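Worksheet: the structure to be examined is printed underneath.
The values are calculated or read from the model by the stated rules, or taken from the named source; none is laboratory data. Just so we're clear, the structure is a prediction, and the values are computed from it rather than from any experiment. Virtual Cβ from ideal backbone geometry, glycine too; neighbours counted across all protein chains shown. Surface accessibility is based on the protein's heavy atoms, side chains included, excluding ligands, DNA and RNA. Shrake-Rupley method; radii C 1.70, N 1.55, O 1.52, S 1.80 Å.
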Amino acid sequence: MAPTDTARHTASSHMADALDQARAAGERGEVPVGAVIVSADGVVLARTGNRTRADFDPTAHAEIVAIRTACQALGSERLIGADLYVTLEPCPMCAAAISFARIRRLYWGAGDPKGGGVEHGPRVFSHATCHHRPELYPGIAETESAELLRQFFAQRRG
């Protein structure tokens, strides 16, 4: 399902916010992935970047931290009607959490052939055992998202 022009503009705006979160994560030495969760009525419920190193927590991916924050803000374990914008295709762990949280729409930037869990790898949402499948919108700000990651890893290898 293709988003309308208005939805594309809104997606670009929220993805720009997610890219800012990814840049901030990279500056902290985290893998530069950012996530933003927006309620059905357009309120930003969470915005964050990866925190695995800062929190000494391998589950502190941007998506997981954002889901936790948004659920706390709403006082619910479900984010029905909420949309998630993330700069990198979610891994299998994050895809499962997205399903459990009942995220309505998932927008992401760069694909992740090595670690992704949506279009690559196990394709979590395609399994019959998946209880909830969000609408999927890949490739939003794909070039910028991929470039942030490329630069980050190039600096570490350099």
Checked 110, 70 against criteria (touching an Asp or Glu at 6+ places or on another chain (Cβ under 6 Å), open to solvent by less than 20 Å² (accessible area, probe 1.4 Å) and among the hydrophobic types (A, V, I, L, M, F, W, C)); the one match is 110
Restricting to the range 89-113, and then to whatever is in contact with a helix residue (DSSP H, G or I) (Cβ under 6 Å, 6 or more places away or on another chain) and touching a residue at least 40 places away in the same chain (Cβ under 8 Å), can you tell me which residue is farthest from residue 36 (Cα to Cα)?
109
Quick test of your reading of the structure: residue 103 fulfils all but one of (1) open to solvent by 30 Å² or more (accessible area, probe 1.4 Å); (2) touching a strand residue (DSSP E or B) at 6+ places or on another chain (Cβ under 6 Å). Name the failing condition by number.
(1)
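Do the conditions hold for residue 154, that is, is it without any contact (Cβ under 8 Å) to a residue 24 or more places away in the chain, out of contact with any helix residue (DSSP H, G or I) (no Cβ under 9 Å at 6 or more places or on another chain), within 16 Å of residue 33 (Cα to Cα) and not in a loop (DSSP other than H, G, I, E, B)? Working first, answer last.
On the way: without any contact (Cβ under 8 Å) to a residue 24 or more places away in the chain: yes; out of contact with any helix residue (DSSP H, G or I) (no Cβ under 9 Å at 6 or more places or on another chain): yes; within 16 Å of residue 33 (Cα to Cα): yes; not in a loop (DSSP other than H, G, I, E, B): yes.
Judged against the criteria, residue 154 is a match.
Residue by residue, here is whether (1) among the β-branched types (Val, Ile, Thr); (2) farther than 20 Å from residue 21 by Cβ holds:
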| position | (1), (2) |
| --- | --- |
| 55 | no, no |
| 64 | yes, no |
| 87 | yes, no |
| 91 | no, no |
| 99 | no, yes |
| 118 | yes, no |
| 131 | no, yes |
| 137 | no, no |
| 147 | no, no |
Filtering the range 12-34 down to residues that are within 10 Å of residue 62 (Cα to Cα), out of contact with any His (no Cβ under 8 Å at 6 or more places or on another chain) and of a type in the set (A, V, I, L, M, F, W, C), which residue is surrounded by the fewest Cβ atoms within 10 Å (Cβ to Cβ)?
31
Candidate set: the range 127-147, residues that are surrounded by 16 or more Cβ atoms within 10 Å (Cβ to Cβ) and hydroxyl-bearing (Ser, Thr, Tyr); chosen: the one farthest from residue 62 (Cα to Cα):
137
Determine whether the range 4-18 contains at least one residue that is touching a helix residue (DSSP H, G or I) at 6+ places or on another chain (Cβ under 6 Å) and not charged (D, E, K, R).
no
Just checking, does the range 114-126 include any residue being under 18 Å from residue 48 (Cβ atoms) and either without any contact (Cβ under 8 Å) to a residue 24 or more places away in the chain or surrounded by fewer than 19 Cβ atoms within 10 Å (Cβ to Cβ) (or both)?
no
